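A.B. asks: First the structure, then my questions, so here it is.
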Amino acid sequence: MTTENKTVLRLAKVQDAHLKDKNVLVRVDYNVPLKDGVVKDDTRIRETLKTVKLLLDANCRVVLMAHLGRPKGKPDVKYTLKPVADHLEKIAGVKVHFAPDCVGPAADKVVAAAKKGEIVLLENLRYHAEEEKNDEAFAGLLAKHGEFFVQEAFGALHRAHASTAAIAKLLPGAIGFLVQKELEYLDKTMVSPVRPFLAIIGGAKVSDKISVLYSLIEKVDTLIIGGGMAYTFLAAQNTNIGKSLLEADKIEEAKNIILKAHRNNVEMLLPADHRVVQEIKPESKMEITQAMAVPEGWIGVDIGPRTELLFADKIKASKTIFWNGPVGIFETPEFASGSITVANAMAQATKAGATTILGGGDTLSVLKTAKVKAESISHCSTGGGASLEFIEGKQLPGLVALSQK
Ligand code: AMP
């Protein structure tokens, strides 16, 4: 697998690089949820262990670099990666040295003290504004920590930053196992999906997902639109949506997408009924609408029970299913029923032999809410933005930079 959607990229794989006794710099995506200094979901960390173990077994010193949150280019203890280093040490079962900075004397000292077969995790890359500016001099300081670069941060590939793009020009490099797995699944899905191919797109805003919707209607057999964004589509068909979320300036775009889907013979499904409230509060009295319209003064917060059945049936009848974005305000348990039904139907479809792919941080949280294990889905992408940009057919800067001439 050396292709990306548009141009063929030539990407070396970490297992083919035959690294031994080397200092290897690895970009990982450890942008994980933390609460009171404890890692709440370590999926992204665990997914990198295969690459880390390969390097440790080859007696390499593994220097990991990552970002956490948005510290605005300066140190902010709220965004320290120290808890991640502690967690990693527990699950990897080897010594993890934590460097209090990612570049400069403090970092160099910790890296130099680490032995071969050990790990160093550098402090948050985004403590330096140069990271997001793709600054070459900053990348040069990072490059001092290794002789070889491994790109394992799928979730950061759509960003041209110093640790994802500029660095790749300074060291020989390859992609890790996680990036390989992500690209294989997304490539297979978009290039040669087993049909029927269904996409379920939910979430808050149409504006975030316009390009991916245009791309999907060229490929899928059925497109389901749920969540907050469904209301702009309903409004585009002159259906009353009450006080539900509306992006008035996207109505024309929604009409265009509906028209294009029709021309492409793509079946497009919108919610047929809704769970509605008068105020978005857990204790609000909830009603179920009789049909597609939302009564005046009410807000659609979740799909209704008839829509749950409709969506679940479509999922069960499909052979490839891509899902991004919850179909209701699932963070409030009272409004999570629709998203839980979709998650369970995805798990059942996987069991029945379908390929199921799920992307985006929020969609992963829905799985947790629904108590559906990640293993019940064929592939849970660790990068929401990167997976959407890949499907849109955009070049991912982190891959372009690594591609061999
Ligand atoms: P996104 O990041 O675009 O996938 O959006 C996820 C967000 O969409 C979640 O925080 C949900 O609460 C929100 N969402 C889902 N359904 C609705 C809805 N009916 N109204 C408002 N927000 C929604």
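A.B. asks: Which one of A374, A354 is more than 20 Å from the chain's Cα centre (by Cα), more than 11 Å from the ligand (Cβ to nearest atom) and among the hydrophobic types (A, V, I, L, M, F, W, C)? Lay out the reasoning, then the answer.
C.D. replies: Values: A374 fails: more than 20 Å from the chain's Cα centre (by Cα).
Checking each option against the conditions leaves just A354.
A.B. asks: Just wondering, is there one or more residues in region 149-166 that are open to solvent by 30 Å² or more (accessible area, probe 1.4 Å), assigned by TED's automatic domain parsing to the domain that holds V32 and over 21 Å from G69 (Cα atoms)?
C.D. replies: Kept after step one, since they are open to solvent by 30 Å² or more (accessible area, probe 1.4 Å), are these residues of region 149-166: 159-160.
Subset that is assigned by TED's automatic domain parsing to the domain that holds V32: 159-160.
Checking which are over 21 Å from G69 (Cα atoms) leaves us with none.
For region 149-166, residues open to solvent by 30 Å² or more (accessible area, probe 1.4 Å), assigned by TED's automatic domain parsing to the domain that holds V32 and over 21 Å from G69 (Cα atoms): absent.
A.B. asks: Also, quick follow-up: Looking for whichever is over 22 Å from I175 (Cβ atoms) and in contact with a Lys or Arg (Cβ under 9 Å, 6 or more places away or on another chain) here; the options are V103, V120. Which one fits? Don't jump to the end; show me each part of the working.
C.D. replies: Values: V120 fails: over 22 Å from I175 (Cβ atoms).
Only one candidate passes the filter, namely V103.
A.B. asks: For the condition open to solvent by 10 Å² or more (accessible area, probe 1.4 Å) and over 30 Å from G93 (Cβ atoms), what is the one hit in A113, A143, A129? Give the steps one after another, and end with the answer.
C.D. replies: Numbers: A113 fails: over 30 Å from G93 (Cβ atoms); A143 fails: over 30 Å from G93 (Cβ atoms).
Only one candidate qualifies: A129.
A.B. asks: Then there's this: Mind listing just one residue for me: the one in region 322-378 that is open to solvent by less than 10 Å² (accessible area, probe 1.4 Å), in a helix (DSSP H, G or I) and not β-branched (V, I, T) and, of those, modelled with the lowest pLDDT?
C.D. replies: L367
A.B. asks: Here are the criteria: (1) within 13 Å of the ligand (Cβ to nearest atom); (2) within 17 Å of the chain's Cα centre (by Cα). Tell me which single one T332 does not satisfy.
C.D. replies: That leaves (2) as the condition not met.
A.B. asks: Something else: Of all residues in region 220-232, which are in contact with a strand residue (DSSP E or B) (Cβ under 8 Å, 6 or more places away or on another chain) and part of a helix (DSSP H, G or I)?
C.D. replies: A230, Y231
A.B. asks: Could you please find all residues in region 173-219 being more than 16 Å from the ligand (Cβ to nearest atom), open to solvent by 10 Å² or more (accessible area, probe 1.4 Å) and not in a helix (DSSP H, G or I)?
C.D. replies: Listed by number, the residues that qualify are G173, S192, P193, V194, R195, P196, E218, K219.
A.B. asks: Condition test on E252, is it on the phi < 0 side of the Ramachandran plot, open to solvent by 20 Å² or more (accessible area, probe 1.4 Å), away from the ligand (no atom under 13 Å from the Cβ) and not basic (K, R)?
C.D. replies: On the way: on the phi < 0 side of the Ramachandran plot: yes; open to solvent by 20 Å² or more (accessible area, probe 1.4 Å): yes; away from the ligand (no atom under 13 Å from the Cβ): yes; not basic (K, R): yes.
Answer is yes for this residue.
A.B. asks: For residues that are more than 22 Å from the chain's Cα centre (by Cα) and open to solvent by 20 Å² or more (accessible area, probe 1.4 Å), tally how many sit in region 84-97.
C.D. replies: Adding up the residues that qualify gives 8.
A.B. asks: Ok, one more. Check whether at least one residue in region 284-300 is assigned to a loop (DSSP other than H, G, I, E, B), at pLDDT 95 or above and touching a Ser or Thr at 6+ places or on another chain (Cβ under 6 Å), and report yes or no.
C.D. replies: For region 284-300, residues assigned to a loop (DSSP other than H, G, I, E, B), at pLDDT 95 or above and touching a Ser or Thr at 6+ places or on another chain (Cβ under 6 Å): present.
A.B. asks: Same structure again: Under 6 Å between Cβ atoms, at least 6 apart or on separate chains: pull out the pairs that start in region 334-355 with a residue that is on the phi > 0 side of the Ramachandran plot and polar (S, T, N, Q) and end on any residue that is within 16 Å of the ligand (Cβ to nearest atom) and open to solvent by less than 30 Å² (accessible area, probe 1.4 Å).
C.D. replies: none
A.B. asks: If I ask for residues that are open to solvent by 20 Å² or more (accessible area, probe 1.4 Å) and polar (S, T, N, Q), which ones from region 41-77 would you list?
C.D. replies: T43, N59
A.B. asks: Within region 194-226, track down each residue that is in contact with a Leu (Cβ under 6 Å, 6 or more places away or on another chain) and among the polar types (S, T, N, Q).
C.D. replies: T222 - this is the single residue of region 194-226 that is in contact with a Leu (Cβ under 6 Å, 6 or more places away or on another chain) and among the polar types (S, T, N, Q).
The values are calculated or read from the model by the stated rules, or taken from the named source; none is laboratory data. Bear in mind that the values here come from a model prediction, so they are computed numbers and not experimental data. Ideal geometry is used to build each Cβ from the backbone, glycine not excepted, and the neighbour counts take in all protein chains shown. These accessible areas exclude ligands, DNA and RNA; they are computed on the full protein's heavy atoms, side chains included. Shrake-Rupley method; radii C 1.70, N 1.55, O 1.52, S 1.80 Å.
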